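Only one structure is covered here, and it is reproduced in the block below.
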Amino acid sequence: MSVEEQTPYHTITADGSTTVFAYPFKILDETHLDVTVDGAAQVLGVDYTVDGVGEDEGGEITFFTAPSNGLDVDMVRDMPLDRAFNYEALGVFNPDEVDADFDRIWLAMQQVRGLIERAGSNALLLPLVATLASNRLPEPEGNSFLGWNSAGDEIVNKIAVDLTGVVISAFWEALLEAGTVEEARTLLGLGALATLSTVGTGQITDGAVTPAKLAAQAAYTLLGNATAGSASPTAVSLSDDLSLDSGSLQVLAARKVPATVSNTSIDFSASDAGRCIRKTSTATPTYTVQPATHAADDVITVQNLGASGNITIAQGSGVTLQLAGGASTGNRTVAPGGIAYIYFDSATHAVVSGAGVT
């Protein structure tokens, strides 16, 4: 039989009461018809039934529940693009089978042409799968582009960001247009550092932070007002109290506690303030606190990491070592695994606390 020229898709707008909708094209099986309502896939046998299979002029679908008023009901031929018959050499010639097989080719070509036509509008574009909320393209909008929504189940219009009205300074414009990293560094005022790939202590001059300052962890300065209401900022030491309108702010420099291993007896020096002196062997060294060596608020940490052997913290002549939490004074002992903190409240008096300390 012949195949009529047909458009293999049809759309009808529902009125809220009609349940029967005609499709004016041929299908060879009821499963060869895709039905959507407002882009949402409908299920054969659950939402609707199909009549007119094999009829040249098409047939009808019947909904169990009428689609809501104003919604588009789309009916599209969607037959599998395969060949159902297998011809055997010297087999029986059945003209009906051959005719039907050729009909499928023309129906499939109409189907492909229909997909191409509909892809040029806001019609069906994507295959109908259960995970899609809609396979319909949105209406075209100016200055927009197509993209998936946040749920990943529908293509929507995305608004392009308009940067034409954004104003930046001449400095940032030049920085953004810098052709090289070195040029950008020069614009940032890095001077001689602009052309260096790495920066070491050799590039830190006395005008900034010197290697000596870094090594000694010396106190740095801030520009600020030590007195509220001062007209211009002055150098304020990090060890100073900064006077505020109410109360005061003590500026502290947070840092790690560097450690030194000493498995022999030593006298503490001024440079041991802020450091940890530790023993790692089974020796029994004596660490002596000498007078006029430390100042108020100095702190020394003593740690015994040896498997055995105590550390003795001895008070030198003119120095008083007081055990925290009581009035006991004199030499202190740090047992293996113990740690002690020596806090100087004056140059001649310190309090010793910690764990494993007697």
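All of the numbers you see were taken from the coordinates with simple rules; none came from a lab. It should be emphasised that the depicted structure is a prediction, and the values quoted were computed from it without experimental measurement. Don't worry about glycine lacking a Cβ; one is built from the backbone with ideal geometry, like all the others, and counts go over all protein chains shown.
Of note:
- Amide H to amide H distances under 5 Å link Asp78 with Leu33, Asp34, where only residues 5 or more positions off or on other chains count and H is placed in the peptide plane.
- Residue-wise HN-Hα couplings along region 257-267, as the Karplus relation 6.51 cos²θ - 1.76 cosθ + 1.60 with θ = phi - 60° gives them from phi, are 9, x, 10, 10, 8, 9, 9, 10, 5, 9, 9 Hz; Gly and Pro carry x.
- Dipole size of region 9-119 about its Cα centre, with +1 on Lys/Arg Cβ and -1 on Asp/Glu Cβ: approximately 300 debye, rounded to the nearest 20.
- Given their separation in residues at 0.36 nm each and the Cα-Cα distance between them, Val299 and Leu28 gain 88.2 nm when the chain is fully extended.
- Extension gain, Asp72-Val3: 0.36 nm per intervening residue step, less the Cα-Cα distance, totals 22.0 nm.
- Loop-located trypsin sites (Lys or Arg not before Pro) in region 19-99, at most 13 other Cβ atoms within 10 Å (DSSP): Arg83
- Stretching Asp47 away from Asp15 to a fully extended chain increases their span by 9.8 nm, per 0.36 nm per residue minus the current alpha-carbon distance.
- Qualifying GluC sites (Glu not before Pro) for region 1-76 [loop in DSSP, other Cβ within 10 Å: at most 15]: Glu4, Glu5, Glu55, Glu57
- Phi angles of region 156-161 translate, via the Karplus equation with coefficients 6.51, -1.76, 1.60 and θ = phi - 60°, into HN-Hα couplings of 10, 7, 9, 7, 6, 6 Hz per residue; Gly and Pro are given as x.
- Phi to ³J(HN,Hα) by Karplus 6.51 cos²θ - 1.76 cosθ + 1.60 over region 9-15, Hz, x for Gly, Pro: 8, 7, 10, 10, 8, 6, 10
- Arranged from fewest to most other beta-carbon atoms within 10 Å of their beta carbon, Asp298, Asp82 become Asp82, Asp298.
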